[in-house]
Structures are given as C-alpha cells and as structure tokens.
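The block underneath contains the structure these notes are about, expressed in structure tokens.
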Amino acid sequence: MCLDLSRQPLNGTAVREAGLLAIYLPMHTATRLASRLIPTLRGLNPAAHLCCYGLYAPMNEKYLRSLGIQTVLGGEFEGGLLHLADRIARGAVNGHAGQSEPRISLERLAFEVPDRHGLPAIDGYAHLVVPEDGYRIVGSTEASRGCKHLCRHCPIVPVYNGVFRIVQRDVVMEDVRRQVAVGAQHISFGDPDFFNGIRHALDLIGYFHREFPRITYDVTIKIEHLRNHQQHLPTLRDTGCLFVTSAVESVDDRVLRVLDKGHTRADFLHVATAFRALKLTLQPTFVPFTPWTTAESYLDLLRTIYDQALVENVAPIQLGIRLLIPEGSRMLELQGIRETIGTFDAEALVYPWRNAEPKLDALSEAVQAIAADADRRKDSRFAAFTRIWEAAHATAGLVAPKLQEPRAARVPFLSEPWYCCAEPTKDQFVSIGEAKPKAAVASGSAATDFV
C-alpha cells in the first residue's frame, strides 16, 4: 500500500499491520517533515522495519538513524527497496535487523512504468495556471535521473557524483499515456537537467509531440546547456514546451564561481535575450541570500530581473531563498567555509550561517514574509516584486525608484512550487495529524508487494 501524505491522511490501520514502513525523501522539505512523522509511525507500529529512501536519505543518514530508521537507500534505490521487502516477506529479517542493502546504488536499472494505482486522482495535485486561459491538469514524469554536473550546493552531487541515468523512451512515453488517459493536459518533466542527455531528450520530445500535439510540457535545463545547445531551443518551443526552469542562482560572477555553476552573468543575459527572441518562456530560480550577498549585490539582482523583463517569470519566494548547506555538501570543501558556518543543526539538517551584515539576514526574512503574504492575498508578481524592491532599497538606506508595471503578458506557472533546496515554509511545516505533510509513505505487510 502506498500513501501520499501531501494529499491523504495517515492510515493508522495500514501502518499497524505493516512489516515494512518506507518513507520517500526526494527533497529537504520532505525530510524535515518526515522527521515529525517517524516518531508517529514508530508509536503506531514498534515492530515494523523503518526505511527512508530517496535523494535526501543517505545525506541525512546519521540523523535518520537516531530517529529509529534502520535502512537508508539512495541513488537508484528501487533494487535495494525490493530486496529489503523480499527479505522481510521471507522472514529473513526482523523489524530491528541491520541493513544489508547498499546505502547508495548507481546500478543501471531496467526501469518499469510507474504504477500510480491507489494514489489520489491526478486532478487533486498541483495544476498549471495559464493566465487568461484557466488552468490545466498536470502530470509528471522523468526522462533521466542524477546529473553529470557537480554544482557545489546541489543535493544531487553527494549521491550521484556526476553520474546520470537515462530512463528508456518507451517507459517515459507509456507513463505519459497513462497520465493523459486520466486527464493530464500538461506534463512536467522532473529531470534535474533535461539536456544532460541531449539526443535522448530531443528524440523523446519528438515522439511526445507527434503523439500528443495538444499536450504541453515544461522542463528544467541549466543555463550552460541552454547556451551551448541554443540551436535546439526552437525545437522546445515548437513541440509544446510552455516554459523552461533554470537554476540561475545568482547574477554575481563571484558567487557563481563559488557555487561552481558552470555559467556566468553574461551567459544568463545571453540566454534571456535568446528566449525573448524566440517567444519562449524562461523561469529562472535563484539563491539570492548567501554568505557573500551584500545589499548592493541583492539590489543588482532585482535590477537585472526588472531590466530583463523577468518580473512575471520569477516566483516571489525565489527572491527570499537562503543557501542551504546540508551534510555532505560540496560547499564544505571550500577553504574558509568552516569559519563561516555554525555547528551542524541535526533537526534543521543544515549547517547554519549568518551574513556578516545582520541587516541582510533580516532582509531575507522580510522578503519571505512578503512572498508568503502576497501568495495568501493572491497579489500579482509585480505587486510582490515592488514590495521586495522597496524593502531592499530601505535596507541599503536608499530611496526606491518607482517601477513601471511591465506590459509583458503574465506567464504560465505551477500552482504549488516546491524547491528541493529550500526551507519549508510555515504553511508547509505543520504538525502530523492536523495537516498532511509533504512526504510519501509506502507500507506493506510481510507478504505484500507495496512498491
């Protein structure tokens, strides 16, 4: 049995009857929320074997084991999860036995089409907001896993270390067919970088568009790849790509070098110009607050977004995100970083840091509050940006120049943006039982296939 606790209540009966309880941890937020769930699961079923699997499981192994997790699986975890379930089904392991499966596996798997039976209906999940055209039901899939790049702050790197795996085209297409059959009108490709395997990607979207000419999609691609493969951008546009998300992170070349992003400020501006010329939507994401952020560099970021006519393309919450430094991060390899950060906070799962200028930390909190308030009030992105613009100038001791609202049309966006490197918001970080935490729990008896 599989439960999606972002949409379903915890099934106490199923938990009590399970021989294995496995929690999926694909992101930092899920891991923070799962830490509140684990004691509840253990209280309901002290005899069950507890497992955490997914990208953030091996990164937080020490803390998870302190909570009672017995098996931790990362990377290509399916083989290990099936092996564990089989051992429990055969009675080869009791609820509290140690782990024999590899903590991180990078084996090449023959992927199978995801089985979503038992999960909530697809229209109960995030949808695509298309300004002046309502919304579309969204499905999701992935054409590849892992990443061949080594960006210092990325959570994929400590697990995959430059390795990526292709998901067979036939598997991806069948996954899409099944989701379209139950109502999907848009597909979000969840690959860390859709152009990691450029030939595979182009081949796939060709098949996709021929079979589903009216179904739109979105992808995530690095600025570096968008520039190096610029000749293929018209193919994205012409096959139904509504927008491309790209982790720009900063427009400060010094910070980009520290993060080892593989692109420069000039590369980002070049790509933004190319997208405008093609009438293709770029949705950049950022990590504006780092130990190296100054009031001047933050204002420069805001000015750049405004000058590049990207205000509508950037979710306001993106302008308040702080750099996360989790256990295992390549950020820890930097000379001097240990003097910048505090002692590892096991509960928050990060090494805390403070800016040399306390007013920057206060600005980060203010921007996050503005973004949350604007979301609750359903303010436009320009209205939220204007408030952030004024707060940033006030922090710098400057009078904020008046902004002219852009004439550019509003862009499509997903109704529930979840960012893998971001802290949970106050609305997300709620107590178990009163709301539905963003974590998935698979439970099964000793004789039940549950994956």
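Loop-located GluC sites (Glu not before Pro) across the range 275-379 with a Cβ neighbour count of 11 or fewer within 10 Å are Glu347, with loop assigned by DSSP.
Per-residue Karplus couplings for the range 336-349, computed as 6.51 cos²θ - 1.76 cosθ + 1.60 with θ equal to phi - 60°, are listed in order as x, 5, 5, 7, 8, 9, x, 5, 3, 9, 4, 6, 7, 6 Hz, Gly and Pro entered as x. Counted by neighbouring Cβ atoms within 10 Å, the residues Asp252, Asp375 run from fewest to most as Asp375, Asp252.
Couplings 3J(HN,Hα) of the range 166-176, computed from phi: 7, 8, 3, 4, 5, 5, 4, 5, 5, 4, 5 Hz, in residue order, whole Hz [Karplus 6.51 cos²θ - 1.76 cosθ + 1.60, θ = phi - 60°; x for Gly and Pro]. The radius of gyration of the Cα set in the range 15-73, together with its Dmax, comes out at 10.4, 29 angstrom.
Taking the helices alone, the chain has a mean residue ellipticity at 222 nm of -10500 deg cm²/dmol, built from -39,500 (n - 2.57) per DSSP H run of at least 4 residues and averaged over all its residues.
Computed from phi, the 3J(HN,Hα) profile of the range 260-272 under the Karplus parametrisation 6.51, -1.76, 1.60 (θ = phi - 60°) reads 6, 6, x, 9, 10, 4, 4, 4, 4, 5, 4, 5, 4 Hz, with x in place of Gly and Pro. DSSP beta bridges fully contained in the chain are about 40 percent antiparallel.
Pairs of Lys residues in the chain, spaced 8 or more positions apart or belonging to different chains, with C-alpha separations under 14 angstrom: 5 in total.
Over all distinct alpha-carbon pairs, what is the Kirkwood Rh of the chain in angstrom?
In the chain this quantity evaluates to 23.1 Å.
Label reach from Ala346 (point 7 Å along Cα→C-beta): in the range 36-50, amide nitrogens under 18 Å belong to 36-40, 42.
When each of the peptides 392-405, 44-57, 266-279 is scored by how many other beta carbons lie within 10 Å of its residues on average, the order from highest to lowest is 44-57, 266-279, 392-405.
Computed from the coordinates by the stated procedures, all read-outs in this text should not be read as laboratory data. Predicted model only: the values in this text are computed from it and were never measured. Cβ coordinates were reconstructed from backbone atoms using ideal geometry, including for glycine residues, and neighbour counts include every protein chain displayed.
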